Structures are given as structure tokens and as C-alpha cells.
Amino acid sequence: MAILDLIRWRKRPPLPTEPELPSTARSVAIIMDGNGRWARGRGLPVIAGHRAGTRALRRTVEAAPGLGVRSLCVFAFSTENWSRPDEEVADLMDLLAETIKGEFEELHRQGVRITFAGRRDRISASLLRLMEELEQRTGANPGLRLYVAFDYGGRAEILEACRQLVRDGVAPEHIDADTLRARLACPDLPDPDLVIRTSGEQRLSNFLLWQSAYAELVFSPVLWPDFGHDALADAIGEYATRRRRFGGR
């Protein structure tokens, strides 16, 4: 190598180092999909799939802390799910009430803190009371933070945050990511490190559109009622193989 070439080589800036691989996903969000297909495959009514899904939710919540997860957000009912048959919607409302009294009460005893994210003006007064009472009872729990997205849609959430900015009289030059986030349905919901969708479908379906800007996505073939510790561990294991750059190098 010529002397001048050697000098130039020595003056080159060091190559950027690769980001470290993550050890685990601290914040996870799950699109719980596949209840209907699970039920149809067994010749059962759709509500049987949804009921099996509530048991899968409890298994997954109980498994999460041992895998290093501190925050879990699950998509339980979307703003678009109101278009489903009236009987199925009514069954889902009844099932949420049952879940609050059953599965969620047990999670409360295990120290899980539960918060509902989404609209609250289209459900019955009795269901709203159950949701609010559960939030109050679990509000001081020190364990996993469980966010249940119910009557939730990402676009609707962002639109409502923009409307609130206008109502609050915030000047355009003062609007930034922090002022908008403060007006989201759950401002304290951490941006997910990992978004999992079950059942093999590969889309976000209007879930956490603002918060998931840099989330890693894993699409699991497992139908939601069959989900649990092993499937969650597999998804987190895949996440742990990815280097997160957040737009950098």
C-alpha cells in the first residue's frame, strides 16, 4: 500500500457499530385474532371461540412477566367490530362483563394493573361501571400493566386527539409529538417494542397506529385461543434477533 493511501485509510472514520440485540420486549401489544376460525374448526358457535380466547388472554398475561414483559396491550374490540351481527356484539359485551368478574379479578389478585383504552360512550351503564371499578381496584397494583383496547381504533384515536388540540386552543406552532400524545386515549401507554398478530393474518387492522411507528412486527400462525406461554416466548425470541435502529444506522 502506498504511503498516501495508508494515510487516507488511517484517517477514515470508524465504521458505525451495530446496535445491540434486545434481550426481551418490555412492551408488547397483541392483536388477538382467530377466535372465529378456532370455533368453526371445531363445529362450535363463534362465542365459544371468544370464550376460549379469554382463557388464552389469562395464560398470556400470567406468562408475560416471566419473559421480561412489563406492559401488555391487547386488542379486544375495535371501532369496526360494531358492524358484526347484533347477536355476536351482544355476546361480546356479556363476555367482557364475565371476564371482568372472573379472569380479570384473578389477575387483580396476582397484582396486575388493568386499564381500558378506547371509547366509553357506546356501552351500557352497567358494563361501564364494571370497567371503571376494576380500574380503580387495580390502580395501585405493582405488577404487569395490562391495557385492554376496547371500542378502540387507531385512526379514531388520532382524530380525537387532533380535535382535542383544537378545543384546547393549542397554537399550531406549539403542537408536537408530546402535545398530541397527551391527548391520546391512554397517554401513559408505552410505545410497543413488539406487536404480535395471531392466526397468520399480516396487517395492523387500525391498532396503535401512532404508538407502533417503530415497533417490530411478528405474525404468529397460532390461532388466539391456542396462544400462551410458548407462543409468546417464540414471538419474543424472534424479536430478540432483530437490531432496532429507529431510522438510524
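Along Cα→Cβ, 7 Å out, is where each label goes; now give me the distance between the ones at Arg55 and Glu98 in nm to one decimal.
1.2 nm
Hey, what angle do you get for helix 46-63 against the long axis of the chain, alpha-carbon based, 0 to 90 degrees rounded to 10?
Long axis of 46-63 versus the principal axis of the chain: about 50 degrees.
What does the highest-first list of 67-76, 120-129 look like by mean Cβ count within 10 Å?
The most tightly packed comes first, giving 67-76, 120-129.
Would you mind putting 161-169, 100-108, 146-154 in packing order, based on average other-beta-carbon counts within 10 Å, highest first?
146-154, 100-108, 161-169
What is the stretch 23-239 by shape, rounded, prolate or oblate, if you read a ≥ b ≥ c off the alpha carbon gyration tensor as root eigenvalues and call it rounded for a/c under 1.5, prolate for a/b larger than b/c, and oblate otherwise?
It is rounded, given that a/c, with a ≥ b ≥ c, falls under 1.5.
What ranking do 211-222, 25-36, 85-96 get when scored by the average of other Cβ atoms within 10 Å per residue, highest first?
25-36, 211-222, 85-96
Using a basic spin-label model with each label point 7 Å from the Cα along Cα→Cβ, how many nm lie between Ser23 and Arg40?
Those two pseudo-labels are separated by 4.4 nm.
How would the stretch 135-248 be classified by its alpha-carbon gyration tensor: rounded, prolate or oblate, with rounded meaning a/c under 1.5 and the a/b versus b/c comparison settling the rest?
Prolate.
How high is the relative contact order of the chain? Use alpha-carbon pairs under 8 Å, at least six apart in sequence, and give a whole percent.
31 percent
Which of Thr60, Thr179, Thr198 moves most in a GNM of the chain, Cα contacts under 10 Å?
Among Thr60, Thr179, Thr198, the largest GNM mean-square fluctuation belongs to Thr179.
Can you compute the modelled spin-label distance between Leu128 and Gln164, with each label point 7 Å from Cα toward Cβ, in nm?
Here the answer is 1.7 nm between the modelled labels.
In degrees, nearest 10, range 0 to 90: what is the angle between the Cα axis of helix 229-239 and the longest Cα principal axis of the chain?
The helix 229-239 is inclined about 30 degrees to the chain.
Each value in this text was obtained by applying a stated rule to the coordinates, not by laboratory testing. A quick note: this is a predicted structure, and the numbers were derived from the prediction, not measured. Heads up, the Cβs are rebuilt from the backbone with ideal geometry, glycines too, and the neighbour counts pull from every protein chain shown.
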